[in-house]
1. Return the total of residues in the range 83-104 being within 13 Å of residue 350 (Cβ to Cβ) and aliphatic (A, V, I, L, M).
2. Of all residues in the range 30-54, how many are loosely packed, with under 15 Cβ neighbours inside 10 Å and either farther than 30 Å from residue 132 by Cβ or hydrophobic (A, V, I, L, M, F, W, C) (or both)?
3. Would you mind telling me which numbered condition in (1) acidic (Asp, Glu); (2) closer than 28 Å to residue 254 by Cβ; (3) within 23 Å of the chain's Cα centre (by Cα) residue 301 fails?
4. Any idea which of 269, 320 is small (Gly, Ala, Ser) and either in contact with a His (Cβ under 6 Å, 6 or more places away or on another chain) or farther than 27 Å from residue 352 by Cβ (or both)?
5. Only one of 22, 90 is of a type in the set (A, V, I, L, M, F, W, C), modelled with pLDDT under 90 and either under 24 Å from residue 127 (Cα atoms) or loosely packed, with under 13 Cβ neighbours inside 10 Å (or both); which?
6. So, in the range 80-115, how many residues would count as being polar (S, T, N, Q) and over 18 Å from residue 268 (Cα atoms)?
7. Only one of (1) among the charged types (D, E, K, R); (2) modelled with pLDDT under 95; (3) out of contact with any Pro (no Cβ under 9 Å at 6 or more places or on another chain) is not met by residue 225, so which one is it?
8. Among the candidates 308, 256, 293, 238, which residue alone is buried (at least 17 other Cβ atoms within 10 Å of the Cβ) and within 27 Å of residue 330 (Cα to Cα)?
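The values are calculated or read from the model by the stated rules, or taken from the named source; none is laboratory data. Computed from a predicted model, the values in this text were never measured in an experiment. Note that we place each Cβ from the backbone using ideal geometry, even for glycine, and neighbour counts take in every protein chain shown.
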Amino acid sequence: MPITLDTSAILETLRPVQDPELQKSLVELNMIRNVKVDGGKVSFTLVLTTPACPLREFIVEDCERAVKTLPGVETVNVDVTAETPQQKPLPDRTGISGVKNIIAISSGKGGVGKSTVAVNVAVALAQAGAKVGLIDADIYGPNTPTMLGLSDAKVTVQQSPQGDILEPAFNYGVKLVSMGFLIDFDQPVIWRGPMLNGIIRQFLYQANWGELDYLIVDMPPGTGDAQLTLAQAVPMAGAVIVSTPQTVALLDARRGLRMFQQMQVPVLGIVENMSYFVPPDLPDRQYDIFGSGGGEKTSKELGLPLLGCIPLEMPVREGGDRGVPIVVEFPESASAKALTAVAQQIAARVSVAALA
């Protein structure tokens, strides 16, 4: 009996096609919608779980290949969109209205480029089409306004029945709140733990975040009050640990990682920053200034994924100082491609956890 080319036939032939990360049928996951058949022309919508899906093109190709096996199909048009899933709620932790996923970018020690990773990951997710916010939780050393080109921005405060509401600054598709907006340029913050706890909670719950797919939190180094406040206050989709390949940095990174695990926060993986130096006059050469292979070795020992290795290039630092992230200024550079890939890996793992 010949196959009738209709919606049911299209869905049936797409049923074996799986999401590579979730390893489940696209049809069963309700990721195939709005199927239309007009003679030999077939169209449908593919709804991904994140705008930053690293396997987008492969999934589209698998769908097209499957549908074209049906007799009578002449053309296949796939309209790709995304619906980011909401992270699972946790008892005794209060979510943020409109915010789907909260992700901490952390490190065991300072100077490993954690803020550079946080800023570029946030911008890369926004470039992919996600709605993104960024909290600069490094209250004593707020640097993200400079790195996002917002050092001269002013954060307004709106009155509401719930109290003062901060209006985040905005650039490169990312909403930002930071202590840097609330103090003078060279003013030190000399606070004890309870005051730090209060301002981080204000950044979380008393900012006009609106609808966000991802709220990235740039943590201060270490395992202190800021980490405890965040882990105990909100349900987190996960934490990302940033380190250099050098042994002392990795030792501190392991301590920070263990802290999140003890606080029952999923660790999404490890990012090895400054993996190697690429001289601007010799772009084909690499120098392992901080050693090599440390991130990969640590990830294997701890049973966690290595989300990416980011090279050290001069434009990364220069762009950060000028407020132009490398993923914006030089998107084809090795560093920008590595940071974009890290953002995609983070988004993919958040989606897998939310739908597990």
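1. So the answer is 4.
2. Total satisfying the criteria: 5.
3. Of the numbered conditions (1) acidic (Asp, Glu); (2) closer than 28 Å to residue 254 by Cβ; (3) within 23 Å of the chain's Cα centre (by Cα), the odd one out for residue 301 is (3).
4. Testing whether each residue is small (Gly, Ala, Ser) and either in contact with a His (Cβ under 6 Å, 6 or more places away or on another chain) or farther than 27 Å from residue 352 by Cβ (or both) leaves just 320.
5. 22
6. Residues of the range 80-115 that are polar (S, T, N, Q), as a first pass: 81, 84, 86-87, 94, 97, 101, 106-107, 115.
The next check asks that each one be over 18 Å from residue 268 (Cα atoms); those that pass are 81, 94, 97.
Looking only at that region, the number is 3.
7. That leaves (3) as the condition not met.
8. Numbers: 256 fails: within 27 Å of residue 330 (Cα to Cα); 293 fails: buried (at least 17 other Cβ atoms within 10 Å of the Cβ); 238 fails: within 27 Å of residue 330 (Cα to Cα).
Going through 308, 256, 293, 238 in turn, the sole match is 308.
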